[in-house]
Amino acid sequence: MNDPTFNLSMLERVGPSWYDHLPQVEAAMAEDDRITHLRSAANWSCDEGGWYSPSGTHESEWALEGLPFPEDPDYDEWAGAYWHYEALDVQPLTP
């Protein structure tokens, strides 16, 4: 498994030297920084409960809906279309 979070948890459980796993630790930290930067730039907010979308949806509910996260490659295209249609929905219809 090549999941940075898993790698860090195994480091705590197994307890080998920090230097044996320094590249994996640095990769996990860099990935966390990248996600934080992208989600913050997309107006997501974070607290001790996790991340929340601009509409207030928690990241776990967001994932259950199958929606892309800001760090996903297709997020910009999806977000542009989603926010465009949401803006159209709130505009009053004029005859």
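Assorted remarks:
- Residues that are in a loop (DSSP other than H, G, I, E, B) and within 12 Å of the chain's Cα centre (by Cα), drawn from the stretch 53-73: S53, L67, P68, F69, P70, E71, D72, P73
- Scanning the stretch 23-41 turns up no residue that is outside any helix (DSSP H, G or I) and among the hydrophobic types (A, V, I, L, M, F, W, C).
- Restricting the stretch 61-80 to residues that are small (G, A, S) and either surrounded by 12 or more Cβ atoms within 10 Å (Cβ to Cβ) or within 14 Å of R39 (Cβ to Cβ) (or both), the residue that is modelled with the highest pLDDT: A63
- For H37, the criteria (1) at pLDDT 90 or above; (2) surrounded by 11 or more Cβ atoms within 10 Å (Cβ to Cβ); (3) farther than 20 Å from G80 by Cβ hold in every case but one, which is (3).
The values are calculated or read from the model by the stated rules, or taken from the named source; none is laboratory data. Just so it is clear, the structure is predicted and the values come from calculations on it, not from any experiment. Note: ideal-geometry Cβ built from the backbone for every residue, glycine included; neighbour counts use all protein chains shown.
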